[in-house]
Each structure stands twice: as structure tokens, then as C-alpha cells.
Amino acid sequence: MRNRLYAQLSRHQVRTASAWTALTVIAIATSCASFARGAFKEPVVNLKQVMVTGLGLTGGSVDVALSIYNPNGYKLQALAMTYQVDVDSTPLGNGSLDKLFVVQAGDSSIVHLPVSFTYAGLGAAGRSMLNAGAINYRVHGNFTVGTPVGNFTRPYDQKGRYSNLGGK
């Protein structure tokens, strides 16, 4: 009887210890992921170059080169990206990129995005370039990056001034 009670207590103690171990592991993993999300710094996106690649009846397409700077201490693997490019307050065009690109820690990468545009957006860009020699732009959307602590989908929103003479 004593051995049976001892065996039951041992099984109960083992189950309790296993449950506490599992809860501890879950709590640590959750707090590490929460900490990592809080420590994640958004990449800095700047417009570098715009080249017209096609024209149609209602609009066309341009190749937009973006410089993406990674301020984090680890490389970012961009798994997907959506974007909209605005000139002043007029939408120029939008698109998405579903191919992997990598930005090393503390470094920049140039990413080429195909953007479909409307003639209204292109007209606003042309007027701004003729009048001021530069374009005020806004690039915004969402990106999904793979990091050592999991995948994150985050919005981004960057504004700047582009001049074809100075590049920015």
C-alpha cells in the first residue's frame, strides 16, 4: 500500500512538474517574442530612381528603385511587400512584390518595384518636376519580413523629396 501511494504521488508530482515546465517554456517563448517585436525597428525607405517602362491608354508602368535601410542588428528577409507611391497628395501608382530580398544588418539594399500608374499621377509628378525641379513623394504599404524570432507584417510610411539631378 505504501509503495502504491508513493507511486501515485510520484506520477502526480511528475505530471505537475511537467505542466509547470510546459507553462514556463510557453511564458518564456511568449515574452521573448513580445520583446523582439518591441525591439524591432522599421526599415527606412527612400526613393532613388524612377524609370518609365511602358505606356497604355489609361496609364502605364514605371520601375521604381527604393533604397531600404535596415537599422536592426540582424538581417531582414523580406518575404512580401505592398506599396503605393504618391506624388504630393496624388496617387501615382501601386503594386506588390512577392519575391524574397534580403537587407543585411545596418546596411541598405536597392529594390526595384514595378508600379502601375495613372496619367493623373504622372501629370502631377511632371508638373512638380517642371515647377520645382523636384517631387515631394510618399511611399507607403506593408511588408512581411522574416527575422530570427519569427515573421512580422508591418506598415511603413516614408516621405521625401526626389530630384532627378540629385537623386533625393
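Each value in this text was obtained by applying a stated rule to the coordinates, not by laboratory testing. This structure is a prediction, so every number in the text was calculated from the model and none was measured. Virtual Cβ from ideal backbone geometry, glycine too; neighbours counted across all protein chains shown.
Screening the range 87-141 for residues that are within 20 Å of Ile68 (Cα to Cα) and among the β-branched types (Val, Ile, Thr) and picking the one that is farthest from the chain's Cα centre (by Cα) gives Ile135. Of the listed requirements (1) among the hydrophobic types (A, V, I, L, M, F, W, C); (2) in a loop (DSSP other than H, G, I, E, B); (3) surrounded by 14 or more Cβ atoms within 10 Å (Cβ to Cβ), Ala78 misses just one: (2). Just one of the numbered conditions (1) surrounded by fewer than 19 Cβ atoms within 10 Å (Cβ to Cβ); (2) without any contact (Cβ under 8 Å) to a residue 40 or more places away in the chain is not true of Gly93: (1).
The condition of being closer than 17 Å to Val44 by Cα and aliphatic (A, V, I, L, M) holds for only one of Ile110, Ile135, that being Ile110.
The set of residues from the range 111-163 being without any contact (Cβ under 8 Å) to a residue 60 or more places away in the chain and in a loop (DSSP other than H, G, I, E, B) comprises Gly133, Ala134, Ser163.
Among residues of the range 127-166 being under 17 Å from Gln49 (Cα atoms) and of a type in the set (Ser, Thr, Tyr), the one that is surrounded by the fewest Cβ atoms within 10 Å (Cβ to Cβ) is Ser163.
Can you tell me which residue within the range 96-107, out of those that are of a type in the set (A, V, I, L, M, F, W, C) and surrounded by fewer than 13 Cβ atoms within 10 Å (Cβ to Cβ), is farthest from Lys41 (Cα to Cα)?
Step one: list which residues in the range 96-107 are of a type in the set (A, V, I, L, M, F, W, C), which gives 97, 100-103, 105.
Narrowing the set further to residues that are surrounded by fewer than 13 Cβ atoms within 10 Å (Cβ to Cβ) leaves 100, 105.
Details: Leu100: 19, Ala105: 11 Å.
Residue satisfying both the conditions and the ranking: Leu100.
Take the conditions touching an Asp or Glu at 6+ places or on another chain (Cβ under 6 Å) and small (Gly, Ala, Ser) and apply them to Ala80. Does it pass? So Ala80 fits the description; yes.
Residues in the range 49-71 that are in contact with a Gly (Cβ under 9 Å, 6 or more places away or on another chain), of a type outside the set (Gly, Ala, Ser) and surrounded by fewer than 18 Cβ atoms within 10 Å (Cβ to Cβ): Gln49, Val52, Thr53, Tyr69, Pro71.
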